[in-house]
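Peer 1: Okay, here's the structure, questions in a sec.
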Amino acid sequence: MTRALWAGLFTIASLVAVALAVALVLGVPHPAVIERAAAAAFGLLGIGAGSIVLSAAVEAGLPKEPRLRRLETDLVDAGAARLIDVERSLRLGTTSAGDFHAQVRPILVPLARARLARRGVALADRDTAVSLLGAGNYALVDPRAAPPVDRFAPGVPLERVRSLLDELEALEDRR
């Protein structure tokens, strides 16, 4: 127990002892006086114990590290959550064509657009983008691609997504 908690308990015990001593000194001429003294003593004990418990609870709830560190932790948690979302999207994208189109393409298309733009090529420039990425890889990020007719058809294998990502990284290395 903390030092403050012990001091509070000692104070309460002292008050109770004083209240009962006063009752005894007065000679307690009537049983109602003892009841009042006991009620006052126990009331003080309850108030004191409650305040000690409340202050300990408040003290325990205070942050142990500065707010900036907690924000950094929140950002790391947000980054980890985003990675988990990407992993989930990739797993779903391998399951069905509809999931690939709705979950994975919104991640891959901006990435491909940005990598090609660093080389001065627009993703919409089909011929140049196909020459850099390959026809199979471009088909995964073609901005004009329509949603699949059969949403429940098999999704895109991870090897094809990995091939596209490898090609996009290679574009960066060939700069």
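Peer 1: Scan the stretch 38-57 and report the pairs whose first residue is farther than 14 Å from residue 14 by Cα and whose second residue is surrounded by 16 or more Cβ atoms within 10 Å (Cβ to Cβ) and modelled with pLDDT of 70 or more, with Cβ atoms within less than 7 Å and a gap of 6+ or a chain change.
Peer 2: These pairs meet every condition: 52/8.
Peer 1: Shifting gears a bit: On the basis of being at pLDDT 80 or above and not aromatic (Phe, Trp, Tyr), does residue 116 make the cut? Show your work before the answer.
Peer 2: Numbers: at pLDDT 80 or above: yes; not aromatic (Phe, Trp, Tyr): yes.
Criteria met by residue 116.
Peer 1: If I ask for residues that are within 31 Å of the chain's Cα centre (by Cα) and of a type in the set (Gly, Ala, Ser), which ones from the stretch 143-175 would you list?
Peer 2: Passing the criteria: only 155.
Peer 1: Can you tell me which residues in the stretch 92-144 are buried (at least 16 other Cβ atoms within 10 Å of the Cβ) and touching a residue at least 60 places away in the same chain (Cβ under 8 Å)?
Peer 2: Result: 92, 93, 94.
Peer 1: Quick one: in the stretch 60-104, which of the residues that are modelled with pLDDT under 75 and of a type in the set (Val, Ile, Thr) is farthest from residue 147 (Cα to Cα)?
Peer 2: Only one residue tops the list, namely 73.
Peer 1: Go through the stretch 145-175 and give me each residue that's surrounded by 12 or more Cβ atoms within 10 Å (Cβ to Cβ), part of a loop (DSSP other than H, G, I, E, B) and of a type in the set (Val, Ile, Thr).
Peer 2: The one that is surrounded by 12 or more Cβ atoms within 10 Å (Cβ to Cβ), part of a loop (DSSP other than H, G, I, E, B) and of a type in the set (Val, Ile, Thr): 156.
The values are calculated or read from the model by the stated rules, or taken from the named source; none is laboratory data. Note that the structure is a prediction, hence the values are computed from the model and not measured. Every residue, glycine among them, receives a Cβ derived from its backbone with ideal geometry; neighbour counts consider all protein chains shown.
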